[in-house]
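Here the structure comes first, spelled out in structure tokens, and everything after it is commentary.
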């Protein structure tokens, strides 16, 4: 079950048709479509015998009756995309053989934290009935006629069982695969043939910028590692991602040289921890103005002719100290960001394109302070996301959708991508770091190719994503994850197939 804050809507009128029991979508994905999975933002069940009972924190939902105690399950989903097909899947924990489940549309003006039998919405007229068999593990309803436009949709599930209840898992269940899921079939973007160019803010007119940071946490020089990575993938990294802190003078000569290779056009994504050695609040108060001014002068003297991406203190969530006076609150970060960008502009640094690179982990997205990190549309050009997938089953295992859709973001029903595009429309999204990893123990070295193979169709279903930047390292900062594409021949081949797609044919010049 997930947090909701007053997003209202009603299921579209129409009849519901029964789908199969194997989780097969109503419309198979094709070359022009892909599938997205939307988790329930809210779910709970009501009990007529206990009018004031709220079950919003339960891991299971119930539909059925025991004498006069009727139980009804309610679910709500918010979609950020128009769909050409939709199915609702429920994983069953207990089946009353021979009973029937009925799904009806209901108004969406309820929240799981307050829903009770006393205030539950009335059931709509659009209904379907499914007879359940003994031992059945899941049921799927085809909602393609109802779920079409982006919006919020709510449903009620009732059962004919008169002496027991059918039970299915809620979105609070610890196993993600068992949670209720609305599966959407959505159009994908066509791969452009030619003519895609980076605009004034480096936003492609079509397609997506391809990029990488290679050689992380190794002794290999980053420029050498990048050219090796490019050779393996078969495509020049239009974005070369590098990292700096404090009083360092950058871009370095080696980094600048990488942008001057006419045969391999690149731009830079420069990460700068400007508050290194101090606090965000101190920077916002002017305590590091000399540092900012010195860097401004360096850039104007050495790198003033080419546009570049600038990310200030990437993944700030990981460094928030949510305590008044710490100097490192979310509001301190926003103030720091505003101060630095405004001072750079006043100093005449006009070729920086600003990226706020979030960590995007769901444990932070749900924090009440998360919205306070955003410093304002006037100082942000791109919204960035650093997010990774686990090739092994478990934490963060899944497809490319899982990488983009973590959440919900506090104060909304939305995963990261939908939050970024809804709350900040018009801002392009950069996946500023991404990768697929496995553990470093021999028995954890699972194949990354299945996850890589989901990237292209699902990326093309997210038109706001305009840049994709891989972070390649055989050992992460904790020393326990291999994120390198060189971990196996199948992984390298899968990434090479991604890179070969003309979707990344974007000219920087």
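Each reported figure results from applying straightforward, stated rules to the coordinates on display, with no laboratory input. Just so it is clear, the structure is predicted and the values come from calculations on it, not from any experiment. Please note: Cβ atoms are built from the backbone with ideal geometry, for glycine as well, and neighbour counts cover all protein chains shown.
Of note:
- For segment 105-191, a Kirkwood hydrodynamic radius built from all Cα pairs, placed in the Stokes-Einstein relation at 4 °C and 1.567 mPa s, yields a translational diffusion coefficient of 81 µm²/s.
- Value of Rg to Rh for segment 259-414, rounded to two decimals, is 1.01; Kirkwood radius and Rg both from alpha-carbon coordinates.
- For the chain: relative contact order, % (alpha-carbon pairs under 8 angstrom, 6 or more apart): 16 percent
- Fraction of alpha-carbon pairs over 16 Å apart in segment 405-445 - percent: 54 percent
- DSSP bridge orientation in the chain - percent antiparallel, rounded to nearest 5: 60 percent
- Which of 339, 241, 173 has the fewest Cβ neighbours within 10 Å, and the rest in rising order: 173, 339, 241
- Sorting 99, 368 by the number of Cβ atoms found within 10 Å of their own Cβ, with the fewest placed first, yields 368, 99.
- Shape category assigned to segment 29-185 from the gyration tensor of Cα positions, a/c cut at 1.5: prolate
- Over segment 105-148: Kirkwood hydrodynamic radius from C-alpha pairwise inverse distances, Å: 13.4 Å
- Between helix 330-346 and the chain there is an angle of about 40 degrees, using the helix long axis and the longest principal axis of the Cα atoms.
- Mean ellipticity per residue at 222 nm, deg cm²/dmol - from DSSP H runs of n ≥ 4 across the chain, formula -39500 (n - 2.57): -5000 deg cm²/dmol
- Hydrodynamic radius of segment 206-273 by the Kirkwood approach over all distinct alpha-carbon pairs: 12.4 Å.
- Taking 45, 276 and counting other C-beta atoms within 10 Å, the order from fewest to most: 276, 45
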